[in-house]
Amino acid sequence: MMAERNDRDAWRGYAALAFVIVVIAVFIQRFVLVPLLVLRLGTAAFGAIVEAVAIVGIGGAARVLFAKLSSSPPERESVAADFLVGYPLFGTLAFLIGAIRISQVTMMVPIVCGFAALVLRRRIGHLEPPATLWLRASSEGAGGRGIPRALVKDPGLIGIQSPMSLHFWPAAAVIITVFGCGLLAVQTPPSTLDELAYHLTIPKTWISEGRAIDLPLLSHSYFPLGIESADLPFFSLLPDDAGYASHLLHFFAAIAALLVFLRFLGRRVSSSTALIGTAAMVSVPALAVTAGWSLVEWPLIGLCILLAESLAPPESSQQSELSSCGAVLAAGLLTKYTFWPIGTAAIVAILVCDRPTRRSVTTVLSALVIGTVFPLRNLILAGNPVAPFLSAHSPNVSGYRDSGSIGATFAGYLFDGRFVDEALGITLVVLAFVFAVTNDWQERSRRNLFAGGTLLLCAALCLTTPSARILVPYLAVAALFGAVAVDRFDPGARRSMLVALTIAALLQSFVVVYFTSTTDPLPLLTGRMSDEQYLARSRRSYPAIRWTDARLPDGSQTLIIGLHELYEFDHRVRGSGNFDGERMSAYLSAGSADALAARLRSDHFTHLALFATSLVPQMATASKMDERLTRLSPQAATTLQSLLARSATPVARSGLAAIYKLR
């Protein structure tokens with residue numbers, strides 16, 4: 001009888017489930033936003049998920065191989081860590097293949113290698129079958145037990161003392177708000193200056209050329225491009241959806257970084273401090289508003305925290321300290337120049353605190369061999385491994401945020417309504433300060449050398465008043481250790497500090513919501529506005545770009561002068577990037593109009609396009625407000641005017657742009 005009753009209950013349950021599915025299907029069919037979302041992002045989402053799995057495979061295999069190389073047992077499986085490590089490694093593999101040839105076939109090779117790496121890691125690193133990877137991904141912040149199950153069975157694991165805990169709801173609201181706004185940004189076409197000037201422009205240009213070529217006028221093309229090169233398969237295989245697919249992949253990186261934050265703090269502090277500390281980190285405006293953009297800040301921050309965790313594991317950990325340090329170092333060096341000083345601090349911590357051993361030296365050297373792919377390329381192309389810096393025509397980025405006085409500059413770094421995506425906010429600076437003033441600096445440890453080194457590097461960088469986003473990874477390491485220090489305060493001070501951090505995180509989340517509202521993505525997401533209409537409203541230069549591109553003939557190659565946002569051009573174009581006025585001036589200063597015409601023809605240019613509103617005289621300094629301008633020297637301006645008069649024929653002119661054909 002009991003068995004029959006159980007069978008009946010089971011069938012009733014299945015029948016109820018079937019009814020729920022039918023109702024959901026009818027609702028989705030009637031609710032037009034869901035079909036619109038699938039139509040707009042379905043292909044991009046599929047491509048992003050496939051590439052993300054390949055990235056996880058490459059990152060996981062790299063972590064296991066580095067652990068074996070250093071004779072260390074591998075760390076426990078972590079899809080978040082595998083993704084963050086694999087992201088720039090995957091991109092570098094795509095770049096190396098693209099340096100030979102870019103085609104749909106060749107750009108499938110990194111993806112196939114990634115899936116093969118999944119099989120390899122399963123054989124050598126005890127990884128579950130790929131079908132269960134998504135289950136593992138949800139467990140990063142809950143001691144490996146899965147966040148959904150932790151919420152129900154053991155809420156204390158991720159900061160919930162009871163279902164209605166005051167510790168949980170504000171912090172959870174901050175995290176949900178930040179990533180909800182990020183998800184909205186994912187669904188908008190690329191429209192930020194840095195995306196349009198180089199992050200997406202460089203791989204798209206390589207696609208049009210059929211190879212990863214040198215772009216001497218664009219200084220950013222000499223940066224480490226491990227993350228940007230990961231978009232090459234998108235532009236090759238999904239050209240119409242590449243921007244959206246890139247946004248989704250970067251959003252996955254933001255989620256991976258979130259899980260790394262949770263894991264780092266969850267292994268060192270109480271659950272409430274871990275959750276509030278994570279909310280404090282992810283709500284930093286310079287990070288939060290870029291969660292859906294194709295920038296490198298989120299993967300870079302995640303790698304910095306992975307490096308800190310590898311160098312200074314919690315006291316309860318039984319893992320080898322060098323088990324994945326080499327893989328993280330290599331990945332960071334391939335991500336951004338900003339990581340190089342941080343990586344140097346890590347190497348010093350490894351080699352100084354313990355007597356150098358064969359293991360540690362092998363780990364460091366292996367990371368350097370892999371991480372110097374782009375410096376070696378720069379050495380070959382430009383004769384300078386750290387190009388475009390420390391060379392002629394380096395982009396002038398000092399004084400980028402100088403406001404005239406120390407107080408005004410500091411306040412501008414915390415928040416400036418003109419540059420919300422550059423704001424450091426409250427929590428990052430506060431937690432870094434807490435660590436600096438409460439840490440026992442007399443202790444000789446890897447943690448002190450590494451975190452202290454990043455703070456000193458940050459202080460040195462502040463003297464040059466650079467972009468605020470450059471400072472974020474340096475402060476992030478100290479800030480997470482600052483959250484650990486907060487957990488060791490006496491109970492009263494700890495509670496007060498957590499309340500203050502929660503309020504600060506909520507304020508920062510309001511800034512993120514405000515910034516998202518200014519972009520007004522809802523008309524686009526609801527189908528009331530097309531991508532073209534959205535971009536025309538968002539970017540003043542977009543109508544002029546489309547006007548210019550429509551009048552360029554097939555087979556042309558055009559030098560764009562006065563505009564950096566080259567991503568939206570469908571024809572072959574070249575130009576300079578942010579703060580590259582000196583490079584453009586040097587190129588145009590050929591001595592005479594005839595010499596400049598000969599130079600342009602030898603570089604296969606057929607047309608020139610001038611955007612005069614962004615062409616201004618050269619100045620000695622640059623600031624944030626100047627990054628959209630092209631500053632030409634008097635000699636370059638004179639030579640260009642002479643060329644246009646003697647060796648070029650006007651083709652078309654509008655209020656913002658003029659097109660000339662070289663004779």
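The values are calculated or read from the model by the stated rules, or taken from the named source; none is laboratory data. These figures come from a predicted structure and were not determined experimentally. Every residue, glycine as well, gets a Cβ built from its backbone with ideal geometry; the counts of neighbours run over all protein chains shown. These accessible areas exclude ligands, DNA and RNA; they are computed on the full protein's heavy atoms, side chains included. Shrake-Rupley method; radii C 1.70, N 1.55, O 1.52, S 1.80 Å.
From the gyration tensor of the Cα coordinates in the range 246-356, what semi-axes in whole Å does the equivalent ellipsoid have, largest first, with each one equal to sqrt(5λ)?
Largest first, the range 246-356 gives 24, 19, 11 Å.
Return a whole-number percent for the relative contact order of the range 200-309, with Cα pairs under 8 Å and 6 or more residues apart as the contact set.
27 percent
Got a number for the accessible area of H571? Probe 1.4 Å, square angstrom, nearest 10.
The accessible area comes out at roughly 40 Å².
How far is it, in nm, from the label point at A550 to the one at F433 when both lie 7 Å from their Cα along the line to the Cβ?
Simple spin-label model gives 5.4 nm for this pair.
Determine the dipole magnitude for the range 403-457: charges of +1 sit on the beta-carbon of Lys and Arg, -1 on that of Asp and Glu, nothing else is charged, the reference point is the Cα centre, and the result goes in debye to the nearest 20.
200 debye
Is the shape of the range 445-571 best called rounded, prolate or oblate, per the rule: a/c under 1.5 gives rounded, else a/b larger than b/c gives prolate, else oblate, with a ≥ b ≥ c the square roots of the Cα gyration tensor eigenvalues?
In terms of gyration-tensor shape, oblate.
With labels modelled as points extended 7 Å from the Cα through the Cβ direction, what inter-label distance (nm, one decimal) is found for F410 paired with Q533?
4.8 nm
Just read off the accessible area of R495 with the full protein assembly in place, 1.4 Å probe, to the nearest 10 Å².
Accessible area of R495: about 140 Å².
Heavy atoms of the protein only, probe of 1.4 Å, neighbouring chains included. What is the accessible area of E443 in Å², nearest 10?
Surface accessible to solvent at E443 totals approximately 90 Å².
Given R₀ = 51 Å, what would the calculated FRET efficiency be for D214 paired with I21, taking r from the Cβ atoms and rounding to 0.05?
Efficiency, from the Cβ-Cβ distance: 0.40.
Convert 10 °C to kelvin, take the viscosity as 1.306 mPa s, use the Kirkwood radius over C-alpha pairs of the range 214-292 as Rh, and evaluate the Stokes-Einstein diffusion coefficient in µm²/s, rounded to a whole number.
Approximately 106 µm²/s, per Stokes-Einstein.
Want the number for R601 to R663: 0.36 nm per residue separation, take away the alpha-carbon distance, what's left?
Going from the current span to full extension adds 21.4 nm.
Where in the range 422-446 does the amide nitrogen come within less than 16 Å of the point 7 Å from the Cα of Y514, taken along Cα to Cβ?
Backbone N within reach: 422-427.
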